[in-house]
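For reference, the structure is listed below as C-alpha cells.
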Amino acid sequence: MTIRILIADDHHVVRRGLVFFLKTQKDIEIAGEAKNGAEAVQLADSLRPDLILMDLMMPVMDGIEATKEIKKKHGNDIQILMLTSFSDQNHVIPAIEAGAAGYQLKDIEPDELVESIRKLLSGENSLHPKATNHLLTRISKQDPPHKIHALTKREKDVLAELTKGKSNKEIASSLFITEKTVKTHISNIFSKLEVSDRTQAALYAVKHNLA
C-alpha cells in the first residue's frame, strides 16, 4: 500500500529535506506541501492524504487549529503526525487533544520518522517519549472516568488488544467477533474513558492497568 503524505511546515528548507528523504521510500508518495495551517486544511480537503506531517508553529493558522479543523472534517480518514521542535506539555497536550495521533520531534532520525509513519498508519502509537510522559502526567492528575463508567469484560478485552497496536481487523480475528462489533466496542470505550482516539485510549489503559 502506498502512503500518501502531505507536509505542512512554514520553513521551505524543512519541507525540501522531508520531501527529498521520503521520496526514497518505495511505499511513500508526497501528495503535496503546505506552508501554513490554512493551506494544510485546504489541501487536506482537495488531496485527501493518508497522513499529514504537521508543524506546530506556522503563520496564518497554527498546527493545532489546523489539526482540529481537519479532524472535524475527515475524522480518522486522515491521520496527523506532529513533527515539531517543542516537547513541553503546553504544546504536547493541546496537540493530542486536537486529534493528532502521533507526536515526534524534528531531531528524530529519518529512518525512525519513516517507521513512526508506518506504525501510526497500522494502528500503533507514534509518540516521542517526552510526549508520552506529559500525557501520563496529565492523566494521573485526573479522576479516572473508568471508575465511574465501568467497562464491560468484552470492552476490556478489546482495549487490551487495541493497546497492543492491533487494527480493528486483527482485534476481530483475535476475539472471534466482527469488525463492526469491534468498532462499536471502541466507540463505547472512547466514550467511557473520555478519550478521542486510539493513542489516548492506549495510554489511559497502560496508566490505569486496564491492559
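Results, tabulated for the structure shown:
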{"item": "Qualifying residue in the stretch 9-19 (condition: in contact with a helix residue (DSSP H, G or I) (Cβ under 9 Å, 6 or more places away or on another chain), assigned to a helix (DSSP H, G or I), under 22 Å from E124 (Cβ atoms) and assigned by TED's automatic domain parsing to the domain that holds P110)", "result": "yes"}
{"item": "The stretch 32-64: number of residues that are charged (D, E, K, R) and within 15 Å of D9 (Cβ to Cβ)", "result": "5"}
{"item": "The one condition in (1) surrounded by fewer than 19 Cβ atoms within 10 Å (Cβ to Cβ); (2) touching a strand residue (DSSP E or B) at 6+ places or on another chain (Cβ under 7 Å); (3) over 18 Å from P110 (Cα atoms) that K23 fails to fulfil", "result": "(3)"}
{"item": "Criterion (touching a His at 6+ places or on another chain (Cβ under 6 Å) and either crowded, with 21+ Cβ neighbours inside 10 Å or outside the structural domain of M58 (by TED's automatic domain parsing) (or both)) met by exactly one of Q79, Q104, Q89", "result": "Q104"}
{"item": "Only one of H91, H12 that is farther than 22 Å from D197 by Cβ and not aliphatic (A, V, I, L, M)", "result": "H12"}
{"item": "Residue within the stretch 36-50 that is out of contact with any Phe, Trp or Tyr (no Cβ under 7 Å at 6 or more places or on another chain), at pLDDT 95 or above and within 25 Å of L203 (Cα to Cα) present", "result": "yes"}
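The values are calculated or read from the model by the stated rules, or taken from the named source; none is laboratory data. Just so it is clear, the model here is predicted, and its values are computed rather than measured. As a convention, Cβ positions derive from the backbone with ideal geometry for all residues, glycine included, and neighbour counts pool all protein chains shown.
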